[in-house]
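The values are calculated or read from the model by the stated rules, or taken from the named source; none is laboratory data. Note that the structure is a prediction, hence the values are computed from the model and not measured. Don't worry about glycine lacking a Cβ; one is built from the backbone with ideal geometry, like all the others, and counts go over all protein chains shown. Side chains included, ligands, DNA and RNA excluded: accessible areas come from the protein's heavy atoms. Shrake-Rupley method; radii C 1.70, N 1.55, O 1.52, S 1.80 Å.
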Amino acid sequence: MKKKIINILMVICILVALGSGGYLAYYYYTSNKSESDIGDLRSRIQDTVVDNTNVGNDDTSKNNKGKPEPEMVEIDGVKVQKKFEQLYSDNHDFIGWLTISDTNVDYPVMYTPNDNERGEHYIHLDYDGNYSAAGLPFVDRLCDLKLPTDNTIIYGHNMNSGKMFHDILKYEGEEFYEGHKTFTFDTIYGDGTYEVVAMFYAQILPDSSTDFKYYTFVNAGEKEEFDNYVENIKRMSIRDTGVDVKFGDKLVTLSTCAYHVKDGRFAVIGKKIEE
């Protein structure tokens, strides 16, 4: 009888091991497939060069800082950067491309403002709407990229494979931060370079909590509210970046899961550099 029980337990252990191994194999297969698909999407970005050799000082193709405006095309009533013409034509949920140099963070960003939740439509979907464990980075539905709002919040999975937003946790290290003080987020409306202001661990708090929630700030009604937000993110930051932030600056927040506490999060916040 004892031997029979041991044999049953051994079979159960083997089945569990096979199941776990199968899940891990599937997890890494889907993760690698997702990265391959991202490579295909990246190839759809068009190289566009603005020819300003004959542009005068009063030319309307320049912005008020003298920088040539990006070439735009109209798709279904929306003016889109020409370099993103194919990506937007293929999926109107595409809103931009996020890149942190020399990391795995080099992804399309999606935006579904009509979602009932926080724009989580792509939390487990790929660009074509098929199931994907990795999903795609997406913008909080309360944000507006065209205005834009004071803060654009972008969420992404922290994948064990090192993909998606896993690499933003590297900002915890000083050496990594020193080598990656900026990142880019180019939207269908225009390009943007962002200087890192703060990076910190946090937690999703109960709705009833009055403690600071970095993930609820999108627009400041007035300067005092904006300044209070900046004060809090700098207080929480792992290091003092010394980056000055003032009312009217536009921010991007990158947010992913962290496992230091239940419902933990890690966030990196950047300020748009005016060129």
Go through segment 208-237 and report how many residues are open to solvent by 40 Å² or more (accessible area, probe 1.4 Å) and at pLDDT 95 or above.
16
Which count do you get for residues in segment 133-162 that are open to solvent by 10 Å² or more (accessible area, probe 1.4 Å), in contact with an Asp or Glu (Cβ under 9 Å, 6 or more places away or on another chain) and modelled with pLDDT under 95?
1
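Out of GLU178, GLU117, report the one residue that is open to solvent by 20 Å² or more (accessible area, probe 1.4 Å), outside any loop (DSSP other than H, G, I, E, B) and charged (D, E, K, R).
GLU178
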Could you list, in sequence order, all residues of segment 165-212 that are of a type in the set (D, E, K, R) and within 18 Å of the chain's Cα centre (by Cα)?
ASP167, LYS170, GLU172, LYS181, ASP186, ASP191, GLU195
Residues that are open to solvent by 20 Å² or more (accessible area, probe 1.4 Å), touching a residue at least 40 places away in the same chain (Cβ under 8 Å) and either among the small types (Gly, Ala, Ser) or not in a loop (DSSP other than H, G, I, E, B) (or both), drawn from segment 89-114
ASP90, THR99, SER101, ASP106
Pull out all pairs, ordered by first then second residue, where Cβ-Cβ is under 7 Å, the residues are six or more apart or on different chains, the first lies in segment 213-227 and is closer than 25 Å to GLU117 by Cα, and the second is among the aromatic types (Phe, Trp, Tyr) and assigned to a helix (DSSP H, G or I).
PHE217/TYR229; ALA220/PHE226; ALA220/TYR229
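Tell me the residue from TYR127, TYR201, TYR189 that is open to solvent by 50 Å² or more (accessible area, probe 1.4 Å) and touching a Leu at 6+ places or on another chain (Cβ under 7 Å), please.
Every option except TYR189 fails the conditions.
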Quick check on my filter: what residues within segment 137-155 are touching a Leu at 6+ places or on another chain (Cβ under 7 Å) and in a loop (DSSP other than H, G, I, E, B)?
PRO137, ASP150
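Among the listed residues ASP167, ASP128, which satisfies the condition of being in a helix (DSSP H, G or I) and closer than 22 Å to SER36 by Cβ? Can you show your working first?
Details: ASP128 fails: in a helix (DSSP H, G or I).
Unique residue meeting the criteria: ASP167.
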Enumerate the pairs (first residue in segment 119-144 and more than 18 Å from VAL252 (Cβ to Cβ); second residue anywhere and open to solvent by 50 Å² or more (accessible area, probe 1.4 Å) and not in a loop (DSSP other than H, G, I, E, B)) with beta-carbon separation below 7 Å, excluding pairs fewer than 6 apart on the same chain, so at least 6 apart or on different chains.
HIS124/TYR131; LEU125/TYR131; ASP126/ASP37; TYR127/ASP37
